[in-house]
Amino acid sequence: MITKNEQENDCQVICIDPGFGDCKWWTGDKFGKFSTSIKRADANALKFDVKGGDISLNTNEYLFNGSKWYVGNTIAEMGALSTRDYSFIEKFAPLITYKAIIDAGLDIKKPIKIKTCLSIMNYEHKDEFAKAMSTINVNNNVINCEVDVIAQGFASFIDYLSSTGADVNGIYTITNIGFNTIDFCAISGGQVVYSTANPNGLNEMVKALRQSLEHKFKIHFNEQEVKQIFLDKQITISGKTISLVEEIQDIKINYFDTFFYSLPDVKDYLRKATKNIFAGGGAYYLEDAVLDDSMTFVQKPYEYSDVRGVNAYEQ
């Protein structure tokens, strides 16, 4: 939600969820996402352009910290850096944010406010995270931004309230299943009374598939490549497309069989809650599961729940 003060100051507001799998952004009535795959451009690679012209920095490259990088495209996914460590998100936050700002079509010469979120597991770093986003220096453009940070999971709860009009005084749990983390909040009377998180997000299924593929085909895959294979449920090797539907279904079953065991001390909250809400990209994989009557979902697209909640939340 854009406040009156922000409108009067002609401030552009963008909401960003810089996830470990995808970065989601939202501004006004526009939204989008891109893979947070990042790869350093090869300084020795020969560059050719069929249209000619100066291609010292092509449209798919970004100059950041003295190096050229690919972000969120096919080239970046081939040999992408690992994205499961918090230090990755903090280090590359300015680069990821810059791409989101450009994709959203904001004017970098006008004031920009960033509203963002961070996993409960990493929330102790929220001040450092805000600082990293507050000064963006990419492609020799310096953008100074005001930054607000709230917790993932709680942001999804705000999204649920704003879309359903549910009674804020009830008892709820919200489980946000992201690529890298699972964030869990128990909320009573609009206040978080318990929260926990762990690094057992969807990447656990991606890791299982990666191990299987590397063993089967004797080829190295990075996590971003396998994430796309997981979503496509098939792989093309030497020009032949091979279905992975059954193998991926088995991986899903094994993952969700132990899902709640990975979250300590949540059973009592699940039993007491009026509604147990699922959010994040992992919620899609629960749609076919047999769930208790108390269990429900945020509105689709599920993966935008945090960024919608950030948009709706006023600090």
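The values are calculated or read from the model by the stated rules, or taken from the named source; none is laboratory data. Here the structure is a predicted model, which means the values were calculated and not measured. Because the Cβ atoms are built from the backbone with ideal geometry, glycine has one as well, and the counts that use them run over all protein chains shown. These area figures cover heavy atoms from the full protein model, side chains too; ligands, DNA and RNA do not enter into them. Shrake-Rupley method; radii C 1.70, N 1.55, O 1.52, S 1.80 Å.
The residue that is nearest to the chain's Cα centre (by Cα), counting only those in the range 131-146 that are open to solvent by 20 Å² or more (accessible area, probe 1.4 Å) and either among the acidic types (Asp, Glu) or closer than 19 Å to Cys11 by Cβ (or both), is Ser134.
Per-residue answers, yes or no, for (1) farther than 16 Å from Ile187 by Cα; (2) touching a residue at least 40 places away in the same chain (Cβ under 8 Å):
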site: Leu244; (1), (2): yes, no
site: Thr258; (1), (2): yes, no
site: Leu270; (1), (2): no, yes
site: Thr274; (1), (2): no, yes
site: Gly280; (1), (2): yes, yes
site: Tyr284; (1), (2): yes, no
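For the range 188-205, a tally of residues being modelled with pLDDT under 90 and open to solvent by less than 30 Å² (accessible area, probe 1.4 Å) returns 5.
All conditions but one from (1) open to solvent by 60 Å² or more (accessible area, probe 1.4 Å); (2) assigned to a strand (DSSP E or B); (3) at pLDDT below 95 apply to Asp183; the one that does not is (1). Could you say whether any residue in the range 176-185 is among the aromatic types (Phe, Trp, Tyr) and more than 19 Å from Tyr255 (Cβ to Cβ)? Taking every residue of the range 176-185 in turn, none turns out to be among the aromatic types (Phe, Trp, Tyr) and more than 19 Å from Tyr255 (Cβ to Cβ).
Hey, could you check the range 206-256 for residues that are aromatic (Phe, Trp, Tyr) and surrounded by 14 or more Cβ atoms within 10 Å (Cβ to Cβ) and say which is farthest from Lys39 (Cα to Cα)? Result: Phe256. With respect to the conditions (1) closer than 15 Å to Asp17 by Cα; (2) at pLDDT 95 or above, Glu146 lacks only one, and its number is (1). Contact map, the range 104-127: residues that are in a loop (DSSP other than H, G, I, E, B) and buried (at least 22 other Cβ atoms within 10 Å of the Cβ) paired with residues that are among the charged types (D, E, K, R) and at pLDDT 95 or above, Cβ distance under 9 Å, separation 6+ or inter-chain. No pairs are found. When the range 159-180 is filtered for residues that are buried (at least 21 other Cβ atoms within 10 Å of the Cβ) and β-branched (Val, Ile, Thr), the ones remaining, listed by number, are Thr173, Ile174, Thr175, Ile177. For the range 131-167, the set of residues classified as assigned to a loop (DSSP other than H, G, I, E, B) and free of Cβ contacts under 8 Å to residues at least 40 places away in the same chain consists of Gly165, Asp167, listed by residue number. The number of residues in the range 149-165 that are of a type in the set (A, V, I, L, M, F, W, C) and over 10 Å from Asn176 (Cβ atoms) comes to 4. Filtering the range 259-315 to residues that are surrounded by fewer than 13 Cβ atoms within 10 Å (Cβ to Cβ) and within 30 Å of Thr27 (Cα to Cα) leaves Glu287, Lys300, Glu314, Gln315.
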